[in-house]
Each structure stands twice: as structure tokens, then as C-alpha cells.
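The values are calculated or read from the model by the stated rules, or taken from the named source; none is laboratory data. In this text, all values refer to a predicted model and were calculated from it rather than measured experimentally. Cβ atoms come from the backbone with ideal geometry, glycine included; neighbour counts cover every protein chain shown. Just the protein is used for accessible areas: all its heavy atoms, side chains included, with ligands, DNA and RNA removed. Shrake-Rupley method; radii C 1.70, N 1.55, O 1.52, S 1.80 Å.
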Amino acid sequence: MLIRYTCLAGREYKEMGGGTVEEQQYAGRWRVLTAVLLGSIMGPIDASIVYIALPAIAKVFGVDPSMIGWVSMAYLLVLGSFLLSFGRLGDMFGFKRMFLAGLLVFVVTSALCGLSPGLGALIFLRALQATGAGMTMAMSPAIITAAFPPRERGRALGMNGMAVALGLALGPSLGGMLVDTLSWRAIFYVNVPIGIVAYLWCRRILPDVRSEKRQSFDWPGSLLAFCGLGTLLLFASRGGDAGWSRPIFLLGMAAVVLLVLFILLEKRAPEPMLDLKLFRSRVFSAGNGAALLNFMTQYVIVFLTPFFLQQVMGYSAGRAGAAMTAFPLTVLVIAPLSGALSDKTGQRGLAFLGSLICTIAALAMAGLNQSAGPLDIAWRLSLFGLGTGLFQSPNNSAVMGAVPRFRLGVAGGVLATTRNVGMVLGIALGGAVLAARRTAHLSAGPSGAFLSGLHDAYLAAALVSLLGTLVCLLAGTAGSGGMQLGERSAGT
């Protein structure tokens, strides 16, 4: 099947009679990047801002922590389950259309979340909000990769990583201020003005990249992917709370069966939702594997360190949140620099170095104790931020550069799914290791047992990161990233 992709912005530029072929093709790319960044920053802000408000929401609705956790869990489950489908839909109907639809859904559901009359309605609306966030999340790397020439791709993706880090850094402090001065509902209302501006700007600026040939959507594959990924994430996230009972293990087995059926179906589908041929690329497969392991490491640390700061060090929630910003602030600085550097030197070396630094930082986190001061915590989190910033931009550039243009949406969906699954698995791993090793160290007393269990969890994170570092060696350096816009290629 022949598929031709067009970029209407480039076509209009050509008709105006300006520039070389490359200038015509990538005209207005920096304006496109500003539009994508404005739309992309809301998701990280929303993700980090909600965690700060959960205690206040639980108090208002009179529920316990396990129940209020579903405000975040519903969001993560739906987000991770739909990303592959959104990536495929972007390839079919256009990146701009999907990105704008995602912004619109996110803005509307954010306003409705703020108006929620009860916890059940809030959980349901958070699930709907995740569909909007998923559309923008899956489309962002695809739009950036399509808009930029290979020599600038790493720099642009690095700036996207900078926006994500900025959102994560702003969320806790902004959320605390809004909850203290207004109410928990304000954390959702803040998305509305930002979202409206982002929608109007993106509608004006984003190029209309789409296929000119009608394609069919793989509904059975989409359903199996949603059920399989949703079941897997539910198994990983709730297993520890349920004590890894028999029903939980049955849930895990069901996830494996569903995902195997999904793979078998995709091998036979004439127009699969997930083109499995993409994984024949060593760069694509190894890059996604390394990203999964890196995010697992990251979220062991992000999940457990606030407990160390508050329960061992005696920090208040506000002070703990401020201490945690050392990580995203470092990523904010390093990500665009590493992306730009990878455009000149290649991606593999920087990704390997970044992952290795993350491993060293996780080992350093295992050395924290009750006598640690603010600087002891800050330099370790900053070191981890340095490694993360060095790893993510080059690795994302390599992954997105390893696929043909008519599969950019699917590739972005796979990368976003990998990230989300890694986050959930990291939280599950950290919680499971802490619980198990805390029990094993009970002879040291409650405080000592907790600290020893925390050390073991950080060591587990270091082992995961070391595995990710080795996987980085399997990936080569992506070239031009496949076809350019307007070229033809055989699809599946």
C-alpha cells in the first residue's frame, strides 16, 4: 500500500515562492515547536499538581488514602492504555487534528473536574481528562520530528523535555499555593486559560501533516491493546496494596494472555494498529527498552524520596516538595543542551553516559541516612537529573529518527506508552521492595527497618538503571529518520 504524506504549511510556503527545498519543507519549525511546548506543558503540571492536592480532596470528601488514590490511578490507567491507539489515529487522520482534539478534551474535562460534586464524578472525569492528555502526549514527538530536519531534531526534542521538566517543577509549588489560598478545585481551573491559549495558537501554527490515502483503523487490535495494557498497569499498581494475592496474580496472567493475543493479531492484520516491523530496528527496540528501564529507575526515586524526606528527615510537605525540585530543575537545564549536542555527536554515547550517571546517582541515594543535610539530598537528586537530561533527549531523538515518516504517530505512541508503563512499574517496584525488605529488617526497629528497606529499594533502582545502561550499548545512532514529508513508501 502506498501512502503519501503532505504538510500543508510547507506547500503554502512553496506556493509563495520562497527558499530552498529544505526551507520550504521545514518552514516555521520554531513556531511549531512553541505551539507544541505550550500544549505539552499542561500534562506534567497537572500530573504533579494533583499529588499535592490529594490530602485536601480526601478531607473534603471524607475518604481514606486508598480510595483517593484512584483520582491519580484512573488517570494513569486510561493514559497508558490508549496511547498506542492515539498514535495510530494520528498517522491516519493527521497530527494536528489529534493534537487539537486532545487540547480541547483536556480543557473541557479540567473545568468539569473543578466542578465535580463527588469523588466518583471526579475519578470518572480524570479518566476522560487522561484521553485528552494522551492525544497530545502521543502527537508531540511526532509533530516535532516531522517539523525539524535531522540535524536539529535532538535539540527540538530536548526543548520538549525541558518543557516537561518545567511543568513537573512548577506543579508542586503552584498546587500548594492554589490549595492554600483558594481550594483544591483551583488546581483544575488553572488548566483552562492555559489550554485556551494553547488551542488557539496550535490551531494557527501547527502544520497539517496527514496521509492522503484512506486507511482503516484496527478496532480489534485497539481493544486488545487497551485491555492488555490496562490490566498490566492495574496489576503492577495495585498488586502491592492487595498483598499479591491469588486474584492479583490471575490479573497478571490475564494481562500476559491479552498482550500475546494482541501481538498475534497485529502480525496478521492488513493495517495493524502497531506495526511490529518497527521493532526490527535495533535503534527503535533498544531505545524503547532503555527508556522503559530509565523511567522505572526514575519513579522508584521520585516515589520513595518524599517518604524519606518526611518520615526520616522530618520535613514538612512543602519543604519536601521544594527539595524534590532539584531533580526536574536540573533536567530543565540539561535536556536541551544534550539534545543539541546529540545532533552533532550522535545519540548513543550521550544516552549511555546519561544512563550510567543515573545508575551512579541511584547508588548515591542508597547512601542517605538520618544525618543527611539538605546539600546531601540536593546533589544526589541533581546528579540524577543530570543523567536523566543527558539520556532522554538523545534517546528520544534516536527512537523517533529510526522510523519512516508514515509511522511517526505510532512511534510517538509507543514511546509515550513505554514512558507511562515505566512510571507505573517503577512505583510498583519501589513499593514492593520497600515493603518486603522493611519486614526483613524489623530487628533494627521501626525507623531503622524503614531506612534499610529504603536503601534496598534504591539499590534495586540502581540495578534496573545498570540494565538500561547495557541496553543503550545495543542501540546504534539513528540516521535521517526515514522518509521526508511528501515522499512515498510502501506501508504494510
So which of Arg153, Arg126, Arg88 ends up being buried (at least 24 other Cβ atoms within 10 Å of the Cβ), among the charged types (D, E, K, R) and more than 30 Å from Glu271 (Cα to Cα)? Arg126
Which is more than 19 Å from the chain's Cα centre (by Cα) and at pLDDT below 80, of Arg380, Arg438? Arg438
I'm told Thr131 meets every condition in (1) over 25 Å from Leu170 (Cβ atoms); (2) among the β-branched types (Val, Ile, Thr); (3) touching a Phe, Trp or Tyr at 6+ places or on another chain (Cβ under 8 Å) except one. Can you identify the failing condition by its number? (1)
Among the residues in region 102-111, are any of a type in the set (Phe, Trp, Tyr) and surrounded by fewer than 24 Cβ atoms within 10 Å (Cβ to Cβ)? no
Residue count, region 307-320 (criterion: closer than 22 Å to Leu463 by Cβ and surrounded by fewer than 18 Cβ atoms within 10 Å (Cβ to Cβ)): 1
Quick check on my filter: what residues within region 258-278 are aliphatic (A, V, I, L, M) and in a loop (DSSP other than H, G, I, E, B)? Ala269, Met273, Leu274
Within region 288-333, restricting to residues that are in a helix (DSSP H, G or I) and aromatic (Phe, Trp, Tyr), the one that is nearest to Leu466 (Cα to Cα) is Phe295
What is the residue count in region 383-424 for residues that are open to solvent by 30 Å² or more (accessible area, probe 1.4 Å) and within 13 Å of the chain's Cα centre (by Cα)? 4
Residue under evaluation Leu350, criteria (1) at pLDDT below 90; (2) open to solvent by less than 10 Å² (accessible area, probe 1.4 Å), criterion not met: (2)
Mind checking whether some residue in region 201-214 is part of a loop (DSSP other than H, G, I, E, B), open to solvent by 20 Å² or more (accessible area, probe 1.4 Å) and at pLDDT 80 or above? no
Considering every residue within region 446-466, establish whether at least one is at pLDDT 90 or above, within 30 Å of Phe148 (Cβ to Cβ), under 23 Å from the mean Cα position of the chain (by Cα) and not in a loop (DSSP other than H, G, I, E, B). yes
Any residue in region 279-294 that's under 20 Å from Leu356 (Cβ atoms): show its pairings with residues that are outside any helix (DSSP H, G or I) and open to solvent by 40 Å² or more (accessible area, probe 1.4 Å) at Cβ separation under 6 Å, as long as the two are six or more apart or on different chains. Ala286/Leu474
Sort out which residues of region 104-123 are of a type in the set (A, V, I, L, M, F, W, C) and modelled with pLDDT of 90 or more, and write them in order of number. Leu104, Val105, Phe106, Val107, Val108, Ala111, Leu112, Cys113, Leu115, Ala121, Leu122
Do we have any residue at all in region 264-272 that's open to solvent by less than 10 Å² (accessible area, probe 1.4 Å) and either modelled with pLDDT of 75 or more or within 22 Å of the chain's Cα centre (by Cα) (or both)? yes
From the list Thr136, Thr145, Thr181, exactly one residue is open to solvent by 10 Å² or more (accessible area, probe 1.4 Å), under 27 Å from Val403 (Cβ atoms) and hydroxyl-bearing (Ser, Thr, Tyr). Which is it? Thr136
Looking for whichever is surrounded by fewer than 22 Cβ atoms within 10 Å (Cβ to Cβ), in contact (Cβ under 8 Å) with a residue 12 or more places away in the chain and part of a helix (DSSP H, G or I) here; the options are Met98, Met73. Which one fits? Met73
Among the residues of region 184-192, is any open to solvent by less than 20 Å² (accessible area, probe 1.4 Å), outside any helix (DSSP H, G or I), touching a helix residue (DSSP H, G or I) at 6+ places or on another chain (Cβ under 6 Å) and touching a residue at least 60 places away in the same chain (Cβ under 8 Å)? yes
List pairs: first residue in region 456-475 and open to solvent by 20 Å² or more (accessible area, probe 1.4 Å), second residue of a type in the set (Gly, Ala, Ser) anywhere in the structure, Cβ distance under 7 angstrom, at least six positions apart or on different chains. Leu459/Ala366; Val471/Ala286; Val471/Gly289; Val471/Ala290; Leu474/Ala286
